[in-house]
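Note sheet for the following structure.
Just so it is clear, none of the values below were taken in a lab; they were calculated from the coordinates. The model shown is predicted, which means the values in this text are computed figures rather than measured ones. So basically every Cβ, Gly included, is an ideal-geometry build from the backbone, and we count neighbours across all protein chains shown.
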Amino acid sequence: MTHTPREIVTAVALGLPAVLGAGVFAGFAPAAGLAGWWVLPALAISALAALCCAFSTADQSRAYPDIGGGYGYVRAQLGVWPARMTASAHLLGRCAMAAAVALMFGAYVVPDQPLAGALALVVATALLGAAGFRFTTGVSVAVSLVVLGVLALVVASSFSIAPVPSAGEAGTVNELVGVAALMFMAFTGFERVTAPLRGERPHSVAALRFAIPVLIGLSFVVYLAVGAGVLRQLGSARLALSPAPLRDALVAADASAVVPLVQLGAAVAGVAALHFVLASAHRTLTGLAEDGDLPTRLKPAVLMAVVVAAAVLAVVVMPLATALGVAACSTLFYYAFTNASARVLLQNDRTWPMRTACVGLGLSVLLAMSTPVPALLISMAGLGAGTWLIGLTASARRRRAASRRHTPQGR
């Protein structure tokens, strides 16, 4: 217990770079278009859902330390087909999230060629990971300080100068739950702490009991402050049309000199968040291969190439708002299965009571079904197609294995 405070700080520092990505830099534009100022109370619903999901993944990660993420947990607790659906939802969500992060980077850092900038970020981040770079505690602290410092400048600038009167307001309270679903994806980097990658030291129960609420709570405060600042400075109607809300808020507040710092913050946050997203998708593909749902001869480098190719495809075919919506919806379906698995987990030393998994399950389903219709349809189609494809691949492998067993030697 003497090291618990230090471990809490370490866990929060590791988690923040994965959380502060596309959501805080780009998520407020589509959210404001749907709900206007109601995006701020919607953040509380998103944070509550993320808190429950984080506790569920933390408990299962301790129960199954050698299994790759939610896919492995669901397979162990609920069976093969729910696990395949979980994997499909997770992979689609991660590909859409990768596209959202990359397109955010392009909009801020390379505004004249945002698509080229987005594609360059995906390739560069993949090469960085292949070279062996890892976000250690020290690197994560540095990234967090840079991004938080930039966000603090944006908030201070937005509140220091009176805004120009807005021509109108967008959004309605009827979209409150839908916007809560959209902003949920802004918190989902918590698995960097609750479900460490193989080879990483897991955090203790005592540390996670405090680190998870601190991480989600701190992220919530940051999102609330940034959202209030850009809404005040731009108004919901103008914010809804902005490809780079934080940059445009600074320009409106007569703080254009700070824009290069925002570009630096967006670049650092983009690399950190995308690194986690790609690694998370790679872990799920690895789990599928190890369990025989994908060809077992696929090497880690080949699996990562598949992840990068899928992310590049998502960047090309999905606009930023669509990518954010699909990322949120698919990830919520993923956590619906993960929370359902946590509900039936027989474990005495839970991080928090089992009721959090029940609440997380209910909120995940409610929020997923409340996402914008295009995102919901794409997610449902992707989940169905992915599950069918995984099942087809596994069946083909079983047939080939059975054929080899029945083939006489020497033929």
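Relative to the longest principal axis of the Cα atoms of the chain, helix 205-240 runs at roughly 50 degrees.
Residue separation of Ala257 and Met380 scaled by 0.36 nm, minus their Cα-Cα distance, works out to 39.9 nm of gained length. Of the labelled figures (i) 18.9, 56; (ii) 20.9, 67; (iii) 21.0, 84, only one reflects Rg and Dmax of the Cα atoms in Å as derived from the coordinates, namely (iii). Go through Leu367, Val306, Val251 and say which Cα lies farthest out towards the positive end of the charge dipole of the chain; charges sit on Cβ, +1 for Lys and Arg, -1 for Asp and Glu. Farthest along the dipole direction, towards plus: Val306. Rounded to the nearest 0.05, the FRET efficiency derived from the C-beta distance between Arg6 and Ala130 at R0 = 30 Å is 0.40. Remark: Arg232, Arg297 ranked as Arg297, Arg232, counting other beta-carbon atoms within 10 Å and listing the fewest first.
Computed from point charges on the beta carbon alone (+1 for Lys and Arg, -1 for Asp and Glu), the dipole magnitude for the chain about its Cα centre is near 1640 Debye.
To the nearest ten degrees, helix 320-343 and the longest principal axis of the Cα atoms of the chain are 50 degrees apart. With contacts taken as Cα pairs under 8 Å and at least 6 residues apart, the range 27-122 reaches a relative contact order of 12 percent. With K and R counted +1 and D and E -1, the other residues having a Cβ less than 11 Å from that of Ser280 yield a net charge of +2. Computed over the chain, relative contact order equals 35 percent, with contacts defined as Cα pairs under 8 Å that lie 6+ residues apart.
Estimated purely from DSSP H runs of n ≥ 4, each contributing -39500 (n - 2.57), the mean residue ellipticity at 222 nm for the chain is -26000 deg cm²/dmol once divided by its residues. Along the axis of the charge dipole computed for the chain (Cβ charges of +1 for Lys and Arg, -1 for Asp and Glu, origin at the Cα centre), the listed residues Ala99, Gly235, Thr351 are led at the positive end by Thr351. The modelled label-to-label distance for the pair Cys358/Val306, using points 7 Å beyond Cα in the direction of Cβ, is 3.8 nm. FRET efficiency for the pair Asp66 and Leu264, taken as 1/(1 + (r/R0)^6) with r the Cβ-Cβ distance and R0 = 41 Å, rounds to 0.60.
Can you give the local net charge around Ala255? Use residues other than it whose beta-carbon is closer than 13 angstrom to its beta-carbon, Lys and Arg +1, Asp and Glu -1. Mind showing how you got there, number by number?
Details: positive: Arg247; negative: Asp248, Asp254.
With Lys, Arg at +1 and Asp, Glu at -1, the neighbours total -1.
Summarising the label geometry, the points placed 7 Å from Cα in the beta-carbon direction at Asp112 and Thr172 lie 4.2 nm from one another.
Sorted fewest first by neighbouring Cβ atoms within 10 angstrom, Ser56, Ser157, Ser88 come out as Ser157, Ser88, Ser56.
Each label was represented as a point 7 Å from its Cα along the Cα-to-Cβ direction; for Ala44 and Leu346 these points are 4.0 nm apart.
In the chain, the longest principal axis of the Cα atoms and the axis of helix 39-63 are about 30 degrees apart.
Using r as the Cβ-Cβ distance of Ala156 and Val205, and R0 as 60 Å, what FRET efficiency do you calculate, to the nearest 0.05? Display every interim value, and only then the final one.
Values: r = 38 Å, r/R0 = 0.64.
It comes to 0.95.
Mean separation of Cα pairs under 8 Å and 6+ residues apart, divided by the residue count of the range 228-375: what relative contact order is that in percent? Normalised by residue count, the contact order of the range 228-375 is 16 percent.
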